[in-house]
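Right, one structure below, let's go through it.
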Amino acid sequence: MNGTMLDQFVETWHINNRINLTLLDEINEEGLNVTLSKQGAETPAKQFAHMHNVRLWKLEKMDAKLVQDLEKLSLKKELNRDLLRFKLIRSAEAIGNLLKNGFENGGEIERYHCGVFTFMGYLISHEAHHRGKMMLTLKQCGYDLSKSVKYGIWDWNKI
């Protein structure tokens, strides 16, 4: 996809989300709930839910109308792949709209003085951090991801 600068910018965000979904799809229900925490925190499922919730938190501050139909996920309830996938897709679309609007507004977005490009960098960095934590947790709990996923998440031309 070449497209306009705007298309490339928003597509970068959606590639990030497809990486999340690729990882999510690789993890079975048991793997979604593994943890090294004695309190049961930081399971991959809860980390995916956290990513979704942070997206909504940011959207509420910057453009509340983009989250009118979206709901946060409770970290205290059971989380499954289908629910997480649905929520991540919906919140990624809303973030994509915020990024598009900010780009079209000369790079300005409400309540984020660094601009739309650094905001997207923040979001992608945050989500990459949590993907890394998930992958380490899975590895330490004896859950092996396929090589196609471990290395495929770096092949942005194919994602």
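The values are calculated or read from the model by the stated rules, or taken from the named source; none is laboratory data. Computed from a predicted model, the values in this text were never measured in an experiment. Glycine gets a Cβ as well: all are built from the backbone with ideal geometry, and neighbour counts include every protein chain shown.
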Residues of segment 65-88 classified as touching a residue at least 40 places away in the same chain (Cβ under 8 Å) and either exposed (fewer than 15 other Cβ atoms within 10 Å of the Cβ) or out of contact with any helix residue (DSSP H, G or I) (no Cβ under 8 Å at 6 or more places or on another chain) (or both), total: 1
Verdict on residue 74 being over 15 Å from the mean Cα position of the chain (by Cα) and of a type in the set (Gly, Ala, Ser): yes
Test set (1) over 13 Å from the mean Cα position of the chain (by Cα); (2) without any contact (Cβ under 8 Å) to a residue 40 or more places away in the chain - residue 125 fails condition number: (1)
Residue tally, condition of a type in the set (Lys, Arg) and part of a loop (DSSP other than H, G, I, E, B), over segment 56-108: 3
Every residue from segment 68-82 that is within 17 Å of residue 96 (Cβ to Cβ) and either at pLDDT 95 or above or among the small types (Gly, Ala, Ser) (or both): 70
Residue pairs meeting the criteria (Cβ under 6 Å; at least 6 apart or on separate chains; first without any contact (Cβ under 8 Å) to a residue 12 or more places away in the chain, in segment 53-64; second β-branched (Val, Ile, Thr)): 60/67
Breaking point among (1) closer than 26 Å to residue 7 by Cα; (2) part of a helix (DSSP H, G or I), for residue 133: (1)
Residues of segment 27-49 that turn out to be surrounded by fewer than 20 Cβ atoms within 10 Å (Cβ to Cβ) and either part of a helix (DSSP H, G or I) or of a type in the set (Asp, Glu) (or both), as a count: 3
Residue tally, condition of a type in the set (A, V, I, L, M, F, W, C), surrounded by 15 or more Cβ atoms within 10 Å (Cβ to Cβ) and farther than 22 Å from residue 26 by Cα, over segment 50-64: 4
Segment 140-159 - residue that is aromatic (Phe, Trp, Tyr) and part of a loop (DSSP other than H, G, I, E, B) and, of those, nearest to residue 44 (Cα to Cα): 143
Residue satisfying all of: in segment 83-118; hydroxyl-bearing (Ser, Thr, Tyr) and closer than 24 Å to residue 19 by Cα; nearest to the chain's Cα centre (by Cα) among these: 91
Subset of segment 120-157 that is over 18 Å from residue 33 (Cβ atoms), in contact with a Lys or Arg (Cβ under 8 Å, 6 or more places away or on another chain) and crowded, with 18+ Cβ neighbours inside 10 Å - its residue that is modelled with the lowest pLDDT: 153
